[in-house]
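The structure appears right after this line, and notes come after that.
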């Protein structure tokens, strides 16, 4: 096998992608099939015979369910050149593209834009939460642990709360008299078995009533402004899918939720008002 020409942090990144593939139990062929690429594509990037470009890297990360934030932190950290560490100011420096080029790539790939927007929204949400001195800790579950939902876990006034972060579907956004209206898709990325109150299991993309504490929806698609609205899990609409029994529908959240600005119940503009309600309920 030829030796990889890549060193430093990109080489470490390749090692993590290979480990992630193996952790998911995927062969190179199966990974290539999910990417709609030939098997040689996976073989060559894993051996370091070719470098993944921006779009390819994000596509591979999505298929392998790799934590994008951790990956970008790794790449931003710098790389070794001739035995010395060269500080990389931005991801643009590392990938050797301009901001205009990256913008063009994102604009030409709507699925990539949506993925990046979701991760940016999580970072914005974390920054909002950490401004409050009552929040003593923020963390994120391992993305590979499909048994636990929630994009952020926080300690607020000594209580642990799980927050699920979602974005608006841009094709649902509309301007009404005096307000914005849209919908957010509130479900898992793929089917997984969930256990209901009677002990039965069900393969579904639906999230469970009580599976997290707060739903946060970013409203960037309304006006290009970073705002969020928040709702308690227990006040979200449940599933109306007729393929489920009435008992199952009561325990599964609806996969499409109406969202507006200014917010209407069950949504609130201030996450800390919602957290205070949950603290009182405990």
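What follows draws every value from the coordinates through simple rules; no lab data is involved. Predicted model only: the values in this text are computed from it and were never measured. With ideal geometry, Cβ positions are generated from the backbone for all residues, glycine too; neighbour counts draw on all protein chains shown.
Tabulated data
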quantity: Modelled FRET efficiency - R0 30 Å, residue 43 with residue 91, Cβ distances, 0.05 increments; calculated: 0.70
quantity: All Cα pairs of segment 147-233, percent lying beyond 19 Å; calculated: 50 percent
quantity: Ranked list, fewest to most other Cβ atoms within 10 Å of each Cβ, for 52, 58; calculated: 52, 58
quantity: Degrees, to the nearest 10: 8-23 long Cα axis against longest axis of the chain; calculated: 60 degrees
quantity: For segment 117-281: relative contact order, % (alpha-carbon pairs under 8 angstrom, 6 or more apart); calculated: 19 percent
quantity: Over the chain: helical MRE at 222 nm, DSSP H runs n ≥ 4 each giving -39500 (n - 2.57), nearest 500; calculated: -11500 deg cm²/dmol
quantity: For segment 117-281, average projected area of the Cα convex hull in nm²; calculated: 10.3 nm²
quantity: Dmax and Rg, reported as Rg then Dmax, of the chain (C-alpha, Å); calculated: 20.9, 65
quantity: Normalised contact order of the chain, rounded percent, pairs of Cα under 8 Å and 6 or more residues apart; calculated: 11 percent
quantity: Helix axis angle, 110-130 relative to the chain longest principal axis, alpha carbon, degrees; calculated: 60 degrees
quantity: C-alpha long axis of helix 54-64 to longest principal axis of the chain, angle in °; calculated: 60 degrees
